[in-house]
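Structure first, commentary second.
What follows is calculated from the coordinates using simple rules that are stated; it is not laboratory data. Source: prediction; values computed, not measured. Cβ placement follows ideal geometry from the backbone for every residue including glycine, while neighbour counts extend to all protein chains displayed.
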Amino acid sequence: MKSSFTAADGCRLHYETYGLQGMRRSEASRSAVIFLSGTTQTALQWRPQALFFRDQFPVVCYDGRAQGKSDPGSRKLSLDLHVEDLYCLLAFLRVGRAHLVGLSHGAQVALAFAASHPEKTARLVLCGVGAEPGPRTRAVVRSWMEILDINGLSAMAWAALPVILGETYLRANERLLPKMVSALVARNRKDSLLAHFAALLTYPPPSDNAKRISRPCLVISGSDDLLNPPASARRLARMIAADYEQFEQVGHSVPVEAAGRFNRTCHRFLSADAAHSARRF
C-alpha cells in the first residue's frame, strides 16, 4: 500500500507497506523490516526486497525527507532529523520494534536510530557504509553536489553511476545505463538533492554512533565499493561486534548488483534466533 505521513512540521513523507495492514493480532509482536534508502534511491528501488520479505515479515519502504516523493520540509536537514522522522513514522504505523536494513545514507540513519532508540530496534543490516568517510568519499559527494548545481540531474547521474556501481555490474548492464539515468532524473528533485548533499557532508562519522550499538548487527560490503571500501566496513563491524559479509565483484550498490544473494543473506540474519554462519570479526 502506498501512502504518506505528515511530520510535526508539515513535511509529507512517502511510504509503502507490504503485509502491515493484514497482520493478524497474534502476529503483532513480529518485528517489521524497514528499508532505508541511499542517496538518490527511492522506496520503489526496494521493491525486489519487499516482495521477497513480505510473506514472512511486514515491510515498510519509505522516502526520507528530501528524497524521492517526500518533501524537504522547512527544517534544516540533519542526521538527527532523519532519526526523528523514522521514529515518528514507526509510531504512526504502530510498529513496535523494527529490523532496520539501510544502504549507504540509509545505513547511517539506521545506525543513528539504533543508537538513540535501542528499545525500538530489533536487528540491523548496514550496507555500503564504513567507520569513517575518507577524503575520496567527501570529494565524491562534493563533486556530485557541484555537478548537480551547475549542470543538473542528468549530468550528476552520469557522474554517479560509475562510482556507485561495480565494474562487473557495469560491464553486464552498460546498455541499461541511459534508462537508469532517466529513472534517477524522474525520481529526484534538484533542490531537494542539493540540500541532501549539503547535509550529508555535515554528518558525524558512523564510528560515533557505533560505540552505542547494543543490538545484533550485520555489516555487508562490496569488494569493489569505491565510496566505502571493505577495510572501512570491517572496522565498523569490529566497533559494533557485528557480523560481516563481503560480496566479491560487487560495488557500492549491493542490493541492486547482487539482489538475490543480498535478500538471502539479510533474511538468514533477520530470521536467526542466535548466531548465524556469517563471518565475525
Along region 96-109, Karplus-curve 3J(HN,Hα) (6.51, -1.76, 1.60; θ = phi - 60°) to the nearest Hz, with x for Gly and Pro, reads x, 10, 9, 7, 10, 10, x, 10, 6, 4, x, 5, 5, 5
Under a Cβ-only charge scheme (Lys and Arg +1, Asp and Glu -1), can you give me the dipole magnitude of region 216-263 about the Cα centre, in debye to the nearest 20?
200 debye
Using unit Cβ charges (K, R positive; D, E negative) and no other charged atoms, how large, in debye to the nearest 20, is the dipole of the chain about its Cα centre?
500 debye
In a shell of Cβ-Cβ distance under 15 Å around E167, excluding E167 itself, what net charge do Lys and Arg (+1) and Asp and Glu (-1) give?
-4
Counting other beta carbons within 10 Å of each residue's own, what order do C11, C88, C127 fall into, fewest first?
C88, C11, C127
Residue among V181, S207, G222 farthest towards the positive dipole end of region 170-228, charges placed on Cβ
V181
Please give the contour-minus-distance gain from A198 to N151: 0.36 nm per residue of separation, less the Cα-Cα distance, rounded to one decimal in nm.
15.2 nm
Plugging the Cβ-Cβ distance of A241 and S78 into 1/(1 + (r/R0)^6) at R0 = 41 Å yields, to the nearest 0.05, a FRET efficiency of 0.90
Near K190, which lysines are there with a Cα under 26 Å away, not counting those fewer than 8 places off in the same chain?
K2, K69, K76, K179
Return M156, M1, M145, M180 ranked ascending by Cβ neighbour count within 10 Å, so the fewest neighbours appear first.
M1, M180, M145, M156
At a 10 Å Cβ-Cβ cut-off, how would you order Y15, Y203, Y62, Y87, fewest neighbours first?
Y87, Y203, Y15, Y62
Over all pairs of different Cα atoms in region 192-281, the reciprocal of the mean inverse distance gives a Kirkwood radius in Å of 14.3 Å
Got a sec? Charge dipole of region 1-151, +1 on Cβ for Lys and Arg, -1 for Asp and Glu; which of A66, G96, L44 is way out at the positive end?
G96
Could you tell me whether region 152-213 comes out rounded, prolate or oblate from its Cα gyration tensor? Rule is a ≥ b ≥ c as square roots of the eigenvalues, rounded for a/c under 1.5, then prolate if a/b exceeds b/c, otherwise oblate.
oblate
Distance in nm between pseudo-label sites at M180 and K2 (7 Å out along the Cβ direction from Cα)
2.3 nm
How many percent of DSSP beta bridges within the chain run antiparallel, rounded to 5?
30 percent
Log10 I(q)/I(0) at q = 0.11, 0.14, 0.18 Å⁻¹ for region 36-139, from Debye over equal alpha-carbon scatterers, is -0.33, -0.54, -0.91
Just going by the charge dipole of the chain, with Lys and Arg at +1 and Asp and Glu at -1 on Cβ, which of F197, G128, F5 is farthest out on the positive end?
F5
Counting only residues 5 or more apart in sequence or on a different chain, those whose built amide H sits under 5 Å from that of G222 are G128, F247
So, over other residues within a Cβ distance under 12 Å of D71, counting Lys, Arg +1 and Asp, Glu -1, the net charge is +1
Before anything else, pin down the relative contact order of the chain: Cα pairs under 8 Å, at least 6 apart, normalised by residue count, whole percent.
19 percent
